[in-house]
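Some notes on the structure that comes next.
The numbers here are math on the coordinates, done by the rules we state, and not lab data. A quick note: this is a predicted structure, and the numbers were derived from the prediction, not measured. Because the Cβ atoms are built from the backbone with ideal geometry, glycine has one as well, and the counts that use them run over all protein chains shown.
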Amino acid sequence: MSAPPRRKQVVNLTGLLVLLALPPAAFALGEPFLISVATRIVIAALAALSLDLILGFGGMVSFGHAAFLGIGAYVVGILAHHDVESTLIPFLPGAWHGSAAALVQWPLAVLAAALFALLTGALCLRTSGVYFIMVTLAFAQMLYHFFVSLPAYGGHDGINLWQRSMVPGVDLSKDWVFYYVCLFILLAALAVFSRIVNSRFGMVLQGCKQNEARLAALGIATGRYKLAAYTLAGAIAGLAGALTANQTEFVGPSLMHWSRSGEILVMLILGGIGTLYGAVAGAATFLALEEILTSLTEHWMLFLGPILVFVVLFARRGIYGWLVGPESGDD
Amino acid sequence: MTAQLFLEQTLNGLQQGVTLFLLAAGLTLVFGVMHLINLAHGTLYMVGAYVAATVTQISGNFLWGVIAAVAAAGLTGAAIEIIALRRLYDRGHLDQVLATFGVIMFFNELVKVLWGPQALFLSPPAILSGTVEVIPGVPYPAYRLLIIGVGLAVALAVRQLITGTRTGMLIRAGATDREMVGALGVAVNRLFTRVFAIGAMLAGLAGAMAGPLLAIEVGMGEHILILTFVVVIIGGIGSVRGALVGALLVGLVDTYGRAFLPVVLRGVLSPTAADGIGASLSSIAIYVLMAAVLIWRPRGLFQAYG
């Protein structure tokens with residue numbers, strides 16, 4: 001049993017080297033715009049990774065993941081907006097003019113997304129199966145409509161940011177610096193998540209996917225574990241949202257449109273669920289495919305749609321599963 | 001004055017409700033019998049609206065438009081079922097969601113290629129463009145009344161179909177135990193295609209009827225699909241009676257919220273703030289309704305058959 005794990009390590013290491021070497025390579029090729037594509041991939045991978053925790057390991061098919069990204073992005077956008085305009089943030093107990101500091105914006109984005117995940121999760125987890133899919137979708141869409149009809153923060157048009165978040169000593173306005181910050185966050189999340197899924201907590205979560213009733217019979221309060229995982233996934237997706245706001249320097253309701261939730265799901269399935277690394281492979285493949293198809297034809301969705309149906313029907317294990325070979329389904 | 005406004009909004013809510021019912025009935029039947037969650041159901045609604053607009057324009061008669069829309073949606077639905085969805089019945093819901101998501105992408109883009117990206121508009125037939133005084137002092141658009149009438153008639157027809165025909169008997173039996181129905185010698189594949197086509201035709205009818213009331217554009221199907229999901233969750237997945245009750249509830253709550261929440265808020269807030277916050281709150285009213293129903297009954301108001 002020594003060969004398959006080595007293949008997995010080779011795949012992971014190659015992926016890591018490609019991600020690390022990308023900015024210098026892009027500069028050398030004279031195509032610095034590749035860095036912004038790569039940043040989108042890394043951020044999307046972080047979002048897909050957070051979904052993998054609840055879907056791939058917990059068996060919870062959330063179709064509302066974009067809501068958490070939207071919340072994270074809006075926290076950054078709203079704080080930056082009030083900071084620039086130096087106006088008070090409404091509906092807060094104290095008087096606060098917002099902030100441009102990443103060390104304030106990002107943790108608050110994570111907290112807000114976690115809180116929303118905790119509240120909606122407590123409701124959504126009362127249901128299961130197809131109800132869960134529809135209810136998560138409905139809550140995300142509720143948030144979408146809420147921000148669309150909220151004129152204070154631009155409604156449909158959203159908020160344009162003046163600059164990226166401020167970190168002392170790090171210039172995020174340089175694309176390659178921002179890329180490495182995002183990559184560092186992604187790698188840290190991967191490390192934490194791979195510890196989590198192999199911990200007792202992760203075992204319970206995987207048990208919920210296989211047979212929740214049996215775990216409950218063993219005296220484990222499965223609901224609390226699932227809610228904790230759901231909240232954690234929401235928090236990390238909120239962080240991905242804060243990064244998205246910084247990457248595009250724009251925050252709008254389109255970030256949490258239901259098709260965005262669909263895209264995150266597609267990336268994860270494409271890469272392979274329940275593998276963590278598959279989220280990265282899926283995000284890279286999906287966004288690269290999108291870049292290539294859009295450069296070929298305006299009607300790229302005409303091709304992406306059938307490709308997607310085909311992948312679902314015939315390629316069950318995802319790209320990562322295919323890369324690391326058949327033996328490494330579990331490590 | 002207030003009573004008149006209330007009556008008018010009630011009729012608006014009913015009209016929105018029956019449109020939602022036409023979609024929810026198909027969605028819930030397909031789920032009840034095939035255990036398939038079909039995101040592409042809204043696509044059939046969109047196909048109905050586009051075909052109705054085009055055929056009405058060519059023939060000059062709205063009725064032909066509606067007939068063509070129902071036929072086109074039924075055929076599209078049957079084609080989708082036979083080509084792609086048939087392979088998904090034994091798969092998990094996740095695969096079904098993703099594959100039907102791909103179907104949506106394809107059809108949205110196809111509609112853009114065929115009809116162009118700009119929205120179409122369709123006017124209601126001339127005979128129905130006036131108003132009717134349903135209750136003295138409350139003039140109401142005749143076309144919207146027709147929608148309410150058609151919706152309720154279809155609700156009765158669906159009930160008759162399910163309780164009084166052989167197909168309906170097979171639908172009920174299929175919802176209870178698919179394999180047993182197959183084992184008894186029923187051509188289950190053909191039954192499934194038929195159920196899917198019936199649902200598709202109802203969605204096409206909804207699209208054609210709603211066409212004159214809104215801009216016909218790409219994405220209209222998804223907007224109403226999610227409202228339909230809320231309806232089905234509230235009513236209970238698989239139950240047609242639940243779909244009717246849920247649709248009317250959602251239609252009324254949504255309409256009342258939009259009409260009266262800003263007015264109520266003006267009592268406590270400044271007019272601009274009341275309008276802004278009222279609009280935001282009323283847009284989430286139905287989701288609050290859904291959350292309330294879920295707390296009370298996590299599997300919806302009505303049980304499916306069996």
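Table for the structure above
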read-out: Nonlocal amide H pairs with B:Gly238, under 5 Å, H built at 1.01 Å; value: B:Gly32
read-out: Whole-Hz couplings from phi, Karplus 6.51/-1.76/1.60, listed for the range B:241-250; x for Gly and Pro; value: 4, x, 4, 5, 4, x, 5, 5, 4, 5
read-out: Other-chain or far-sequence residues with amide H under 5 Å of B:Tyr140's (modelled H); value: B:Val132, B:Glu133, B:Val134
read-out: Exposure proxy ranking, count of Cβ atoms within 10 Å, fewest first, for B:Ser239, B:Ser280, A:Ser295; value: A:Ser295, B:Ser280, B:Ser239
read-out: A:Ser194 paired with B:Leu120, simple spin-label distance in nm, labels 7 Å along Cα-to-beta-carbon; value: 5.3
read-out: Kirkwood-based shape ratio for the protein assembly as shown, expressed as Rg/Rh from alpha carbons; value: 0.98
read-out: Karplus 3J(HN,Hα) series, Hz, for the range B:28-43 with 6.51 cos²θ - 1.76 cosθ + 1.60 (x for Gly, Pro); value: 6, 5, 4, 5, x, 8, 9, 6, 10, 9, 10, 5, 7, 4, x, 4
read-out: Sequence-distant aspartates and glutamates (8 or more away, or on other chains) whose Cα lies within less than 14 Å of A:Lys226; value: A:Asp52, A:Glu212
read-out: Per residue convex hull volume, Cα atoms of the range B:175-249, in Å³; value: 109
read-out: Kirkwood-Stokes translational diffusion coefficient of chain A, alpha-carbon pairs, 10 °C, 1.306 mPa s, µm²/s; value: 77
read-out: Acute angle (nearest 10 degrees) that the helix B:271-283 long axis makes with the longest principal axis of chain B, alpha-carbon atoms; value: 10
read-out: Simple spin-label estimate for A:Met203 and B:Ala273 in nanometres, 7 Å along Cα-Cβ; value: 5.5
read-out: Cα-based shape type of the range B:86-167, given that a ≥ b ≥ c are square roots of the gyration tensor eigenvalues and the cut on a/c is 1.5; value: oblate
read-out: Only Lys, Arg (+1) and Asp, Glu (-1) charged, at Cβ; the protein assembly as shown dipole about Cα centre in debye; value: 1760
read-out: Where only C-alpha atoms are counted, convex hull volume of the range B:129-219 per residue in Å³; value: 133
read-out: Principal axis dimensions, chain B - Cα atoms, whole angstrom, descending; value: 64, 50, 36
read-out: Shape category assigned to the range B:181-306 from the gyration tensor of Cα positions, a/c cut at 1.5; value: oblate
read-out: The range A:100-203 shape via C-alpha gyration tensor axes, a/c threshold 1.5; value: oblate
read-out: R0 of 35 Å, Cβ-Cβ distance A:Leu119-B:Arg91: FRET efficiency to nearest 0.05; value: 0.65
read-out: Table column - 3J(HN,Hα) (Hz), the range B:180-195, Karplus curve with 6.51, -1.76, 1.60, x for Gly and Pro; value: 5, 4, x, 5, 7, x, 7, 6, 4, 4, 5, 4, 4, 4, 5, 4
read-out: Residues A:Ile71, B:Ile37, B:Ile135, sorted so that the one with the fewest Cβ neighbours within 10 Å comes first; value: B:Ile135, B:Ile37, A:Ile71
read-out: Crossing angle, helix B:166-176 versus chain B [Cα axis fit, 0-90 degrees, rounded to tens]; value: 90
read-out: Cβ neighbours within 10 Å from other chains - mean over B:223-231; value: 4
read-out: Mean Kyte hydropathy of 0.5 or more with a Cα span along the axis of at least 18 Å, helices from DSSP in chain A; value: A:3-29, A:33-52, A:66-85, A:102-124, A:129-148, A:175-197, A:258-271, A:277-296, A:301-314
read-out: Amide H contacts under 5 Å for A:Phe250, placed H, 5+ residues apart; value: A:Leu161
read-out: For A:Ser194, A:Ser261, A:Ser128, order by how many other beta-carbon atoms lie within 10 Å, fewest first; value: A:Ser194, A:Ser128, A:Ser261
read-out: Equivalent-ellipsoid semi-axes of the range A:146-241, from the Cα gyration tensor, Å, largest first; value: 37, 22, 8
